[in-house]
1. I want to confirm something. Restricting to segment 80-102 and keeping residues that are touching a Lys or Arg at 6+ places or on another chain (Cβ under 8 Å) and surrounded by 10 or more Cβ atoms within 10 Å (Cβ to Cβ), which single residue is farthest from residue 166 (Cα to Cα)?
2. Return yes when residue 112 is crowded, with 20+ Cβ neighbours inside 10 Å, in contact with a strand residue (DSSP E or B) (Cβ under 7 Å, 6 or more places away or on another chain) and in contact (Cβ under 8 Å) with a residue 12 or more places away in the chain and no when it is not.
3. Just one of (1) at pLDDT below 95; (2) in contact with a Cys (Cβ under 6 Å, 6 or more places away or on another chain) trips up residue 89, so point out which.
4. Residues to consider are 50, 58; find the one that is open to solvent by less than 10 Å² (accessible area, probe 1.4 Å), under 30 Å from residue 138 (Cβ atoms), within 16 Å of the chain's Cα centre (by Cα) and in contact (Cβ under 8 Å) with a residue 60 or more places away in the chain.
5. Exactly one condition in (1) open to solvent by 30 Å² or more (accessible area, probe 1.4 Å); (2) part of a strand (DSSP E or B) is false for residue 73; which is it?
6. If you go through segment 28-45 one residue at a time, how many are touching a residue at least 40 places away in the same chain (Cβ under 8 Å), open to solvent by less than 30 Å² (accessible area, probe 1.4 Å) and more than 10 Å from the chain's Cα centre (by Cα)?
7. What are the residues in segment 1-42 that are closer than 24 Å to residue 70 by Cα and assigned to a loop (DSSP other than H, G, I, E, B), if any?
8. Every residue in segment 135-145 that is closer than 13 Å to residue 47 by Cα and either open to solvent by less than 30 Å² (accessible area, probe 1.4 Å) or in contact with a helix residue (DSSP H, G or I) (Cβ under 7 Å, 6 or more places away or on another chain) (or both), please.
Amino acid sequence: MTDFSNIEYLKTGNQKQIQAYETLKQNKVMEVLSEFDPILAGTIPINIDIENSDLDIICYWENKTEFVSRVSSLFENKTDFKIQETIIDQHESVVANFKIDDFEIEIFGQNIPTKNQNAYKHMVIQNEILESKGENFRLEIIKLKQNGYKTEPAFGELLGLKINPYLELLEYKL
């Protein structure tokens, strides 16, 4: 099983994964966020990204004001930087977006340890499903995403999850 808590696995991946690794390393993105236990989540780590997929970095903060201030001071000089506070699943969340090289980057922070956040749990479950169902399934997910589906609804469509794929995926058993 892949250790997603360290981006080293990207070095041996596909072209986009190698490119993501180099961008994150050269810009020391994970290092400067290290106090917030950052994990790269989303579609690029599990090889179901499409052309405009971004790099989603989830973080754990204990002090929201400090996190906002730190992320702002680190990245406000990057192209198209913006940061906002919002509520997601009843949790205070901070979302920052900007561009580095060819990548859009989203930093997502909650007062929940990163491995307990839904983005991480979804990615691990999706990775297990992809490994068990094989290449054709992976390609079908990508096709749905290219046709406008978000990731979890695409899995929901192929797995027959009917009501709320975001919640149902968390309960999914192989």
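1. Checked segment 80-102; the qualifying residue farthest from residue 166 (Cα to Cα) is 100.
2. Against the criterion (crowded, with 20+ Cβ neighbours inside 10 Å, in contact with a strand residue (DSSP E or B) (Cβ under 7 Å, 6 or more places away or on another chain) and in contact (Cβ under 8 Å) with a residue 12 or more places away in the chain), residue 112 does not qualify.
3. With (1) at pLDDT below 95; (2) in contact with a Cys (Cβ under 6 Å, 6 or more places away or on another chain) applied to residue 89, the lone miss is (2).
4. 58
5. The single condition residue 73 does not satisfy is (2).
6. Qualifying residue count, segment 28-45: 4.
7. 4, 5, 6, 27, 28, 33, 37, 38, 42
8. Residues satisfying the conditions are 137, 138, 140, 141, 142, 145.
The values are calculated or read from the model by the stated rules, or taken from the named source; none is laboratory data. The shown structure was predicted, so the numbers you read here are calculated from the model rather than taken from an experiment. With ideal geometry, Cβ positions are generated from the backbone for all residues, glycine too; neighbour counts draw on all protein chains shown. Just the protein is used for accessible areas: all its heavy atoms, side chains included, with ligands, DNA and RNA removed. Shrake-Rupley method; radii C 1.70, N 1.55, O 1.52, S 1.80 Å.
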